[in-house]
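Read through the structure below, which is laid out as structure tokens, and then see the notes.
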Amino acid sequence: MAVSPLSTADVFFAMLRRDMRVARREAPFFLLRTAMQPLLLMIIFGYLLPKIGMLRGNYTATLLPGVLAMSLALSAVQSVALPMVAQFGFSKEIEDRLLAPIPSHLVALELVVAGTIQGVLAGLFVLPCGRLIMGPIPGLELSNFGQILGIMILGGAAFSALGLFIGCAINAQQIGLMFSSIISPMIFFGCTYYPWSSLDRVPFMKWAVLINPLVYVAEGMRGALTPTAPHMDLFVVSVALSVLLLIFWQLGRQAFLKRAIG
């Protein structure tokens, strides 16, 4: 009896299921890697400091969307960049992926999709944890879940594509450089701890931070989660994240194909 050949879609989703199965098996390490820092920030800045009177209680409405954006972005970047560094480096596991009967750019796309899913899952994990840790959040609105999920998917996809580019552009010996020179400045200048509109008093900084992709995820989360708080227009956020996704995908795809062919 003849066996029908697998289609490109069959192979693509088989690879995606494999990556999700691996992620599920490593779920405790995944949550520890992506959620530890956001949870500590919420405990300190969202619970302890307001409790002892060093921060206003309504600061949690600013903090929660920013921490959620940070968790989503870090998870998406790391879920793609770290395996890429290893697979193109000492493990050479990328060779197994490239033997799959699909075009190489679809192998790269599958990695971005898998990273996006993990980023969204990290965000969905942090959201209820923040509510439990910090208590009632002024202005928190969960009824527009479609907007929340949409911003998460766009942000996760953009940062997964960025992770693809970073993972293919740097060597294993330079992985520490990624966190010190790219990720850390991105977090501190990404409007995670303060809304973008609060930078009116520092006009140069207000416009300079717009090159930071995390700004749009954090502001989008504020607009979707706490719509009464100051936030960037959600249409502007969606357009910016879509443009960044296309740019990062092109850069990541080219870097992946260059490493794969070379």
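Coordinate-derived values only; no laboratory data. The model shown is predicted, which means the values in this text are computed figures rather than measured ones. Every residue, glycine as well, gets a Cβ built from its backbone with ideal geometry; the counts of neighbours run over all protein chains shown.
Taking 0.36 nm per residue of separation and subtracting the current Cα-Cα distance, fully stretching the chain between LEU106 and VAL22 would add 28.3 nm.
Taken about its Cα centre, the chain carries a charge dipole of about 320 debye when Lys and Arg each add +1 at the Cβ and Asp and Glu each add -1 at the Cβ.
Expressed as a fraction of 2.2 N^0.38 Å, the C-alpha radius of gyration for region 135-239 is 1.18. Of the residues PHE235, PHE125, PHE165, the one that moves most in a GNM of the chain with alpha-carbon contacts below 10 Å is PHE235.
Only Cα pairs within less than 10 Å get springs; with that Gaussian network setup on the chain, which residue of LEU64, LEU142, LEU164 has the largest fluctuation? Judging by the Gaussian network model, the answer is LEU142. Taking MET36, MET232, MET54 in turn, the Gaussian network model of the chain (Cα-Cα springs below 10 Å) assigns the largest fluctuation to MET54.
Each Cα pair under 8 Å and six or more residues apart adds its sequence gap; the mean of these over the residue count of the chain is a relative contact order of 26 percent.
Our estimate of slack between ASN58 and ASP96, defined as 0.36 nm per intervening residue step minus the Cα-Cα distance, is 8.6 nm. Taking each DSSP H run with n ≥ 4 as -39500 (n - 2.57) and averaging over every residue of the chain yields -22500 deg cm²/dmol at 222 nm. Spin-label pair GLN250-LEU142: with each label point 7 Å from Cα along the Cα-Cβ axis, the two points sit 4.0 nm from one another. The length gained by stretching the chain between ALA14 and ILE175 to full extension, at 0.36 nm per residue less their Cα-Cα distance, is 55.0 nm. With semi-axes defined as the square roots of five times the eigenvalues of the C-alpha gyration tensor, the equivalent ellipsoid of region 1-85 measures 42, 12, 10 Å, largest first.
With the convex hull of its Cα atoms as the shape, region 10-261 has an orientation-averaged projected area of 13.8 nm². Between LEU124 and ILE43, the modelled label-to-label distance comes to 2.6 nm, taking each label 7 Å out from Cα in the direction of the beta carbon.
Can you give me the C-alpha center-to-center distance between region 126-147 and region 28-58, rounded to a whole angstrom? Between the Cα centre of region 126-147 and that of region 28-58, the gap is 14 Å. Annotation note: chymotrypsin sites (Phe, Trp or Tyr not before Pro) in region 38-124 located in DSSP loop regions with a Cβ neighbour count of at most 11 within 10 Å are PHE90.
Using the Cβ-Cβ distance between ASP233 and PHE188 with R0 = 25 Å, the FRET efficiency computed as 1/(1 + (r/R0)^6) comes to roughly 0.55.
For region 31-90, trypsin sites (Lys or Arg not before Pro) meeting the loop criterion (DSSP other than H, G, I, E, B) and having at most 12 other Cβ atoms within 10 Å: ARG56.
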